[in-house]
Amino acid sequence: MDALGLAATLSQSYVRGISKRRVFPGDMELVSLEAFREPWPDGPSPAAETIRLLDAAGSPATVATTGSRYFGFVTGGALPAALAADWMVSAWDQPAAMPILSPAVAAIESAAARWVLEALNLPASAAVSFPTGASYGNLIALAAARRAVLLRQNYDVDELGLRGAPPFRVIISDEAHSTLIKGLGVLGIGRQAVEIVPTDDQGRMRLEALPPLDNSTIVCVQAGNVNSGSFDPIADIAAKTKAAGAWLHVDGAFGLWARAAPHLAHLAAGIELADSWVTDGHKWLNTPYDCGIVICRDPQALHGAMSITAAYMPEGEIVPAKDRLVEFSRRARGVTVWAAMRVLGRQGLSDLIETCCKHAQTLRAGLLRMGWTIHNDVILNQVVASYESGERTELIRTAVNAEGICWFGPTRWRGQDAIRMSVSSWATAEGDIEAALDAISAAMISTAQST
């Protein structure tokens, strides 16, 4: 069997068996990784043998993030059609920088961008690109924002650099995601050179604490707190940024998709008034990793910050992907977005998002019945909880994860050690939620004498 056929067979077997295996690998599975300590071969190795080794030693030690009982890190599963599209992308092996390198990819990603804007009810004229994830997307959007606010002061930062640039301000909340702060550092803005607004008990920016704004200000808000799932009061903040001429950026790695679900869209009201947005395809859209989405209301701000030219690069009427991203060489990530949105349709996407949120409510109710404290208002797909003490909570979490039935991670919320459970996969069903609650109940019993 050739390597491609073998890989397809083994991959299908892996996908079919994902629900029957441990969610996190045990010690026996991790031992198999010793196979990758072999010395680099002097001569060629058979392709089929290499693929078999990859499956035999690698597959057992993977984490079942695409399964139905993985509740960690807001990690979505991979829709079968999106996964299959990703295989096609690998087979095509298209550099996705500009249409002359792949007319097919340019057309498909354009369609995906159009559908994303429609699903999220954002301006149809906005520019869309597909970076590795919201981490990179935040950096790209902030670069566009920096360019725009400095151009208002007649300063082209992308040509002249930050040295000598007029002052500008960046405002974030004390619950801003760490990747946003990292992006500020990479851009030379400075991780500590920001104004930080305090948040309430749900992690929402306190509107009354927002400082005065002007047109040299960038305000970063959050749609979907990574712990609580809460939303900043974006509509009210947008009214202030609009009045002042400030730039409003929305970090919505998973929460932005609430706009695609009629019963949840109210949570994200006012987001359409912002200037830039980021989200992930590999979270709630359930594309394979990696796939982010960055959107900019002003295409020229994005183009000006990201454009690259050379004598051998033909220029056209359509701004190519290379001028909307940091990368020139990039994978055709937008193809998986197109595939996921096409197979789901408007109703399917809404159902996926709302079903995950219903499962989160079931987790909340089940934990409350068992005596757990729920620390967040479960308005989305996130549940933050603790039992008795931080030590007991961690004992239970460790016991559950060791059993392999499900997996969820630790967090610290408002000074309290807790667990965080994120329901983000298309594959999760009611039975999986019941199995997770049963596993937690059993761990509560088994650890009762350990404290």
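In the set (i) 25.9; (ii) 35.1; (iii) 24.3, the label that goes with mean projected area of the Cα convex hull in nm² computed for this structure is (iii). Electrostatic tally near Pro167: other residues with Cβ closer than 14 Å to its Cβ, Lys and Arg +1, Asp and Glu -1, net +2. DSSP beta bridges confined to segment 84-340 are antiparallel in about 40 percent of cases. Relative contact order, whole percent, for segment 264-422 stands at 13, derived from Cα pairs under 8 Å and 6 or more residues apart. Can you bin segment 84-340 into rounded, prolate or oblate? Criterion: square roots of the alpha carbon gyration tensor eigenvalues sorted a ≥ b ≥ c, rounded for a/c under 1.5, prolate for a/b above b/c, oblate for the rest. Oblate, since a/c reaches 1.5 and b/c is not below a/b. What percent do you get for the relative contact order of segment 84-340 when only Cα pairs under 8 Å and 6+ apart count? Computed value for segment 84-340: 30 percent relative contact order.
Separation of segment 281-310 from segment 430-451 is 41 Å, based on Cα centroids. In a simple Cβ point-charge model (Lys, Arg +1; Asp, Glu -1; nothing else charged), the chain has a dipole of about 420 debye relative to its Cα centre. Obtain the nm distance between the two label points defined at Lys358 and Met28 by a simple spin-label model: each point lies 7 Å from its Cα along the Cα-to-C-beta direction. So the two model labels end up 3.8 nm from each other.
Each of Phe73, Phe254, Phe130 has some number of other Cβ atoms within 10 Å of its Cβ, and from fewest to most they run Phe73, Phe254, Phe130. Under the membrane-span-like helix rule (DSSP H runs whose alpha carbons stretch at least 27 Å along the helix axis, mean Kyte-Doolittle hydropathy -1.0 or higher), the chain yields 334-369. Comparing Pro39, Leu120, Trp92 along the charge dipole axis of the chain, the residue lying farthest to the positive side is Leu120, per the Cβ-charge model. Sorting the segments 132-140, 193-201, 393-401 by their residues' average number of neighbouring beta-carbon atoms within 10 angstrom, most packed first, yields 132-140, 393-401, 193-201. Take every DSSP beta bridge whose two residues both sit in the chain; close to 60 percent of them are antiparallel. Take every Cα pair under 8 Å whose residues are at least 6 apart in sequence, average their separation, divide by the length of the chain, and the relative contact order is 22 percent.
Ranking of Met205, Met306, Met98 by neighbouring Cβ atoms within 10 Å, starting from the fewest: Met98, Met306, Met205. Listed by chain and number, the aspartates and glutamates whose C-alpha is less than 19 Å from the C-alpha of Lys358, apart from same-chain residues fewer than 8 away, are Asp377, Glu430, Asp432, Glu434, Asp438.
Descending by average beta-carbon neighbour count within 10 Å, the peptides 349-356, 379-386 line up as 379-386, 349-356, the highest first. Dividing the summed -39500 (n - 2.57) terms of all DSSP H runs of n ≥ 4 by the residue count of the chain sets its mean residue ellipticity at 222 nm at -12500 deg cm²/dmol. For Tyr387, Tyr155, Tyr289, the sequence from fewest to most other C-beta atoms within 10 Å is Tyr155, Tyr289, Tyr387. Lys and Arg at +1, Asp and Glu at -1: add these up for the other residues within a Cβ distance under 15 Å of Ala238 and post the number. Local charge sum for Ala238: 0. Note on segment 390-411 and segment 81-111: Cα centroid distance 40 Å, given to the nearest whole angstrom.
Bear in mind that the values in this text are calculations on the coordinates, not laboratory data. Given the structure is predicted, the values throughout are model-derived calculations rather than measurements. Please note: Cβ atoms are built from the backbone with ideal geometry, for glycine as well, and neighbour counts cover all protein chains shown.
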